[in-house]
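Computed from the coordinates by the stated procedures, all read-outs in this text should not be read as laboratory data. On a predicted model such as this, the values are computed, not experimentally measured, just so you know. Here the Cβ positions follow ideal geometry from the backbone for every residue, glycine too, while neighbour counts run over all protein chains shown.
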Amino acid sequence: MMVARSVDVVLLGPPGGGKGTQAKRLTAAFELLHLSTGDLLRDEVKRATPLGVEAQGYMQRGELVPDELVGKMLMGRLHSQQAGSGCVFDGYPRTLAQATLLDGLLAELGRRVDVALYINVPDEELLARLTGRRSCPVCGAVFHVVHNPPRQEGICDACGGTLVQRADDREDVIRERLRVYHESTAPLLGFYRSRGNLAEVQGVGSPDAIFEELRAAMGRLKR
Ligand SMILES: [Zn+2]
């Protein structure tokens, strides 16, 4: 009898590029487990597991949680039944050291990263999306000057507050975030490209269109 092999996917993409949305759709369509290390960390801390308590110590001191500790959390989740058919790694790895660590974890289970899906979005497109955000300081509602404009320019639909551009959404702040993103992502792209399992998708257009590209890339996988 043929047993379907698990599929493990690394999802790479810029801030504001719709990666979280696509990760959810991929996991639903291919019955994979969505593994976001941010969510994983918060969950372990909330449940006060031994690893969570240890991680919280680092976070309270304002330090980065060490790779090995996050690796142990990932391993725990990889051993779970839901992870049996494979995972979508969202927001991980971010560094070459983490990519190597992930390879080691998967190898222990006789698995590997089958494909690294890279959602490539031009910086100018990301800037337009992110700098167009307007927030209501009164109720927290978020609008977009093009994609989700308020009924009256500059005024919150929900409470009538005056909309502002948050400091995080200013062009210079976003350009710096994108610079850091490119600097840290380039080595990862090189890493997966050199192994022949990088699939690049153009992240421009509707979420549906981008998802179809991702689905097609998954379909080209050798199973
Ligand atoms: Zn408001």
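For the residues Ile174, Ile119, the requirement of being farther than 23 Å from Asp8 by Cα, of a type in the set (A, V, I, L, M) and surrounded by 14 or more Cβ atoms within 10 Å (Cβ to Cβ) singles out Ile174.
Just one of the listed residues (Ala128, Ala217, Ala209) is without any contact (Cβ under 8 Å) to a residue 12 or more places away in the chain and either aliphatic (A, V, I, L, M) or within 28 Å of Ala99 (Cβ to Cβ) (or both), and it is Ala209.
Look at Arg134 and say whether it is assigned to a loop (DSSP other than H, G, I, E, B) and without any contact (Cβ under 8 Å) to a residue 40 or more places away in the chain. The answer is no for Arg134.
Look at Glu125 and say whether it is surrounded by fewer than 12 Cβ atoms within 10 Å (Cβ to Cβ) and either charged (D, E, K, R) or in contact with a Leu (Cβ under 8 Å, 6 or more places away or on another chain) (or both). Considered against the rule, which asks whether it is surrounded by fewer than 12 Cβ atoms within 10 Å (Cβ to Cβ) and either charged (D, E, K, R) or in contact with a Leu (Cβ under 8 Å, 6 or more places away or on another chain) (or both), Glu125 comes out as no. Within region 139-168, residues that are touching a residue at least 60 places away in the same chain (Cβ under 8 Å) and over 22 Å from Leu126 (Cβ atoms) have Cβ atoms under 6 Å from residues that are more than 8 Å from the ligand (Cβ to nearest atom) and in a strand (DSSP E or B) in no pair, counting only partners at least 6 apart in sequence or on another chain. Pairs linking a residue in region 24-49 that is at negative phi to a residue that is among the charged types (D, E, K, R), with Cβ atoms under 7 Å and 6 or more positions apart or on different chains, are Ala29/Arg215; His34/Lys24; His34/Asp90; Leu35/Arg77; Leu35/Asp90; Ser36/Asp90; Leu40/Arg77.
All of Phe143, Phe191 fail the test of being in a helix (DSSP H, G or I) and buried (at least 17 other Cβ atoms within 10 Å of the Cβ), apart from Phe191. Taking region 136-170 as the range and being farther than 25 Å from Gln202 by Cα, in contact with a helix residue (DSSP H, G or I) (Cβ under 8 Å, 6 or more places away or on another chain) and within 16 Å of the ligand (Cβ to nearest atom) as the test, only Gln165 passes.
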